[in-house]
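*Asks:* Submitted below is the structure of interest, expressed as structure tokens.
The values are calculated or read from the model by the stated rules, or taken from the named source; none is laboratory data. All of these numbers come straight from a predicted model, not from anything done at the bench. All Cβ positions, even for glycine, are placed from backbone atoms using ideal geometry, and neighbour counts span all protein chains on display.
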């Protein structure tokens, strides 16, 4: 298994399940609510560790009670927390989500301590000793966290780590096309269809991918929800069909499960098409339970996908 560094937020998700989204000034009663660990960085790191990888997360939390919740699954799954910073003043990042019966989400987020991730505490020797880095693009939005993220990307490039960057709607909305300038040198860029259009300013997948290719980004994964994902490499341009599930309960964290499983499979030696199929399985299974990190994938589940396809790691 590989040694991963994950750079991204570890948050608390406060989820409220409602029949419909409230109108301005109105009130709705939640059918139920939960408080659970979340965040792109926290979820990716948790899944990578559950799949047997040696995983360290670089993030910043507060000293409040939310910090214990945000780190709960990371701790339980054996993630190395030595690069986790503690902010003495700011609250741990948290997200409030309203979820409707069809799985649609509306989110209100508070960045809190995450945005103060201090580059002076970047563990350079530990980064250089890793095999791969997975970064959430939310880390690139602004402030000290952006400085940390850019320094980590530079160090990863100099140390020849394999790099994966996963875009996010919030990061894309904040930075637009400028985001691509920050991630041009990464090995694998992952995003959903909406994010692809927003960062390129184009309205078709083929035109948008060609634009990214012209900027030197060779390996692109576009997540297309219930249709699966599309893999673009110098050798492939292929839709990888979704893994069917009986019903979607909650899609929170599905994209992060996809990213973690894809990175795991690539670093474990699987070919890219199989990696995308394994990632589709992970993302789909995530939607069958409530909460960003509640589904416990194991490596045997994903390896069975490769075995069924008669493709084994190189």
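*Asks:* Taking the criterion of being in a loop (DSSP other than H, G, I, E, B), touching a strand residue (DSSP E or B) at 6+ places or on another chain (Cβ under 7 Å) and farther than 23 Å from residue 271 by Cα, would at least one residue in the stretch 168-181 satisfy it? Working first, answer last.
*Replies:* Step one: list which residues in the stretch 168-181 are in a loop (DSSP other than H, G, I, E, B), which gives 168, 176-177.
Narrowing the set further to residues that are touching a strand residue (DSSP E or B) at 6+ places or on another chain (Cβ under 7 Å) leaves 168.
Filter once more, keeping what is farther than 23 Å from residue 271 by Cα: 168.
There is at least one residue in the stretch 168-181 that is in a loop (DSSP other than H, G, I, E, B), touching a strand residue (DSSP E or B) at 6+ places or on another chain (Cβ under 7 Å) and farther than 23 Å from residue 271 by Cα.
*Asks:* Step by step: first the residues of the stretch 151-167, then only those that are touching a strand residue (DSSP E or B) at 6+ places or on another chain (Cβ under 6 Å) and part of a loop (DSSP other than H, G, I, E, B), then the one that is surrounded by the fewest Cβ atoms within 10 Å (Cβ to Cβ). Which residue is that?
*Replies:* Across the stretch 151-167, the extreme among qualifying residues is 161.
*Asks:* For residue 109, state whether it is under 22 Å from residue 262 (Cβ atoms), surrounded by fewer than 21 Cβ atoms within 10 Å (Cβ to Cβ) and in contact with a helix residue (DSSP H, G or I) (Cβ under 8 Å, 6 or more places away or on another chain). Break it down into steps so the answer makes sense when it comes.
*Replies:* Numbers: under 22 Å from residue 262 (Cβ atoms): no; surrounded by fewer than 21 Cβ atoms within 10 Å (Cβ to Cβ): yes; in contact with a helix residue (DSSP H, G or I) (Cβ under 8 Å, 6 or more places away or on another chain): yes.
Against the criterion (under 22 Å from residue 262 (Cβ atoms), surrounded by fewer than 21 Cβ atoms within 10 Å (Cβ to Cβ) and in contact with a helix residue (DSSP H, G or I) (Cβ under 8 Å, 6 or more places away or on another chain)), residue 109 does not qualify.
*Asks:* Within the set of pairs 6 or more residues apart or between chains, which connect a residue that is farther than 28 Å from residue 253 by Cα inside the stretch 210-228 to a residue that is loosely packed, with under 15 Cβ neighbours inside 10 Å with Cβ atoms less than 7 Å apart?
*Replies:* If the second residue must be loosely packed, with under 15 Cβ neighbours inside 10 Å, the pairs left are 215/184; 216/184.
*Asks:* Does the stretch 43-62 contain any residue that is in a loop (DSSP other than H, G, I, E, B), under 16 Å from residue 263 (Cβ atoms) and in contact with a strand residue (DSSP E or B) (Cβ under 8 Å, 6 or more places away or on another chain)?
*Replies:* Step one: of the stretch 43-62, the residues in a loop (DSSP other than H, G, I, E, B) are 51-53, 62.
So of that shortlist, the ones also under 16 Å from residue 263 (Cβ atoms) come out as 51-53.
Pick out the ones that are also in contact with a strand residue (DSSP E or B) (Cβ under 8 Å, 6 or more places away or on another chain) and you get 53.
So far as the stretch 43-62 goes, yes, one or more of its residues are in a loop (DSSP other than H, G, I, E, B), under 16 Å from residue 263 (Cβ atoms) and in contact with a strand residue (DSSP E or B) (Cβ under 8 Å, 6 or more places away or on another chain).
*Asks:* Now a separate question. Test of understanding: among 279, 292, which residue is in contact (Cβ under 8 Å) with a residue 24 or more places away in the chain and either surrounded by fewer than 20 Cβ atoms within 10 Å (Cβ to Cβ) or more than 18 Å from residue 244 (Cα to Cα) (or both)?
*Replies:* Details: 279 fails: either surrounded by fewer than 20 Cβ atoms within 10 Å (Cβ to Cβ) or more than 18 Å from residue 244 (Cα to Cα) (or both).
Within the list 279, 292, the selection yields 292.
*Asks:* Which of the residues that make up the stretch 10-21 are surrounded by 13 or more Cβ atoms within 10 Å (Cβ to Cβ) and either in a strand (DSSP E or B) or out of contact with any helix residue (DSSP H, G or I) (no Cβ under 7 Å at 6 or more places or on another chain) (or both)? Reasoning before the result, please.
*Replies:* As a first pass, look at the stretch 10-21 and keep what is surrounded by 13 or more Cβ atoms within 10 Å (Cβ to Cβ): 10-18, 21.
Matches in the stretch 10-21: 11, 12, 13, 14, 15, 16, 17, 18, 21.
*Asks:* Is there a residue being over 26 Å from residue 63 (Cα atoms), more than 15 Å from the chain's Cα centre (by Cα) and surrounded by 15 or more Cβ atoms within 10 Å (Cβ to Cβ) anywhere in the stretch 139-148?
*Replies:* Kept after step one, since they are over 26 Å from residue 63 (Cα atoms), are these residues of the stretch 139-148: none.
No; the residues of the stretch 139-148 include none that is over 26 Å from residue 63 (Cα atoms), more than 15 Å from the chain's Cα centre (by Cα) and surrounded by 15 or more Cβ atoms within 10 Å (Cβ to Cβ).
*Asks:* If you take the residues in the stretch 31-52 that are in contact (Cβ under 8 Å) with a residue 40 or more places away in the chain and surrounded by fewer than 24 Cβ atoms within 10 Å (Cβ to Cβ), which one is nearest to residue 294 (Cα to Cα)?
*Replies:* Of the stretch 31-52, the ones in contact (Cβ under 8 Å) with a residue 40 or more places away in the chain are 34, 36-48, 50-52.
Narrowing further to those that are surrounded by fewer than 24 Cβ atoms within 10 Å (Cβ to Cβ): 34, 36, 50, 52.
Numbers: 34: 12, 36: 9, 50: 12, 52: 17 Å.
Looking at residues that are in contact (Cβ under 8 Å) with a residue 40 or more places away in the chain and surrounded by fewer than 24 Cβ atoms within 10 Å (Cβ to Cβ), I get 36.
*Asks:* Still on this structure: Give just the number: which of (1) part of a loop (DSSP other than H, G, I, E, B); (2) out of contact with any helix residue (DSSP H, G or I) (no Cβ under 8 Å at 6 or more places or on another chain) does residue 75 not satisfy?
*Replies:* For residue 75, the exception is condition (1).
*Asks:* Restricting to the stretch 118-136, and then to whatever is modelled with pLDDT of 95 or more and assigned to a helix (DSSP H, G or I), can you tell me which residue is nearest to residue 167 (Cα to Cα)?
*Replies:* Across the stretch 118-136, the extreme among qualifying residues is 119.
*Asks:* Looking at (1) in contact with a strand residue (DSSP E or B) (Cβ under 6 Å, 6 or more places away or on another chain); (2) touching a residue at least 40 places away in the same chain (Cβ under 8 Å); (3) loosely packed, with under 15 Cβ neighbours inside 10 Å, which one does residue 239 not meet, given that it meets all the others?
*Replies:* The one condition residue 239 does not meet is (2).
*Asks:* I'd like the full set of residues that are crowded, with 16+ Cβ neighbours inside 10 Å and either touching a strand residue (DSSP E or B) at 6+ places or on another chain (Cβ under 9 Å) or assigned to a loop (DSSP other than H, G, I, E, B) (or both), limited to the stretch 199-223.
*Replies:* Pass one, the stretch 199-223, residues crowded, with 16+ Cβ neighbours inside 10 Å: 199-200, 202, 205, 208-209, 211-212, 217, 219-223.
If the condition is that a residue be crowded, with 16+ Cβ neighbours inside 10 Å and either touching a strand residue (DSSP E or B) at 6+ places or on another chain (Cβ under 9 Å) or assigned to a loop (DSSP other than H, G, I, E, B) (or both), then 199, 202, 205, 208, 209, 212, 217, 219, 220, 221, 222, 223 are the ones that fit.
*Asks:* Further, regarding this structure: Could you go through the stretch 85-104 and let me know if any residue there is part of a strand (DSSP E or B), under 18 Å from the mean Cα position of the chain (by Cα) and more than 28 Å from residue 226 (Cα to Cα).
*Replies:* For the stretch 85-104, residues part of a strand (DSSP E or B), under 18 Å from the mean Cα position of the chain (by Cα) and more than 28 Å from residue 226 (Cα to Cα): absent.
*Asks:* Looking only at residues in the stretch 183-198 that are more than 17 Å from the chain's Cα centre (by Cα) and surrounded by 17 or more Cβ atoms within 10 Å (Cβ to Cβ), which one is nearest to residue 137 (Cα to Cα)?
*Replies:* The initial filter retains those residues of the stretch 183-198 that are more than 17 Å from the chain's Cα centre (by Cα), namely 184-185, 197-198.
If we keep only those that are surrounded by 17 or more Cβ atoms within 10 Å (Cβ to Cβ) too, we end up with 197-198.
Values: 197: 16, 198: 14 Å.
Among them, the one singled out is 198.
To keep it simple, each residue is scored yes or no on (1) closer than 15 Å to residue 191 by Cβ; (2) in contact with a strand residue (DSSP E or B) (Cβ under 8 Å, 6 or more places away or on another chain); (3) assigned to a helix (DSSP H, G or I).
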{"position": "244", "(1), (2), (3)": "no, no, no"}
{"position": "252", "(1), (2), (3)": "no, yes, no"}
{"position": "262", "(1), (2), (3)": "yes, yes, yes"}
{"position": "269", "(1), (2), (3)": "no, no, no"}
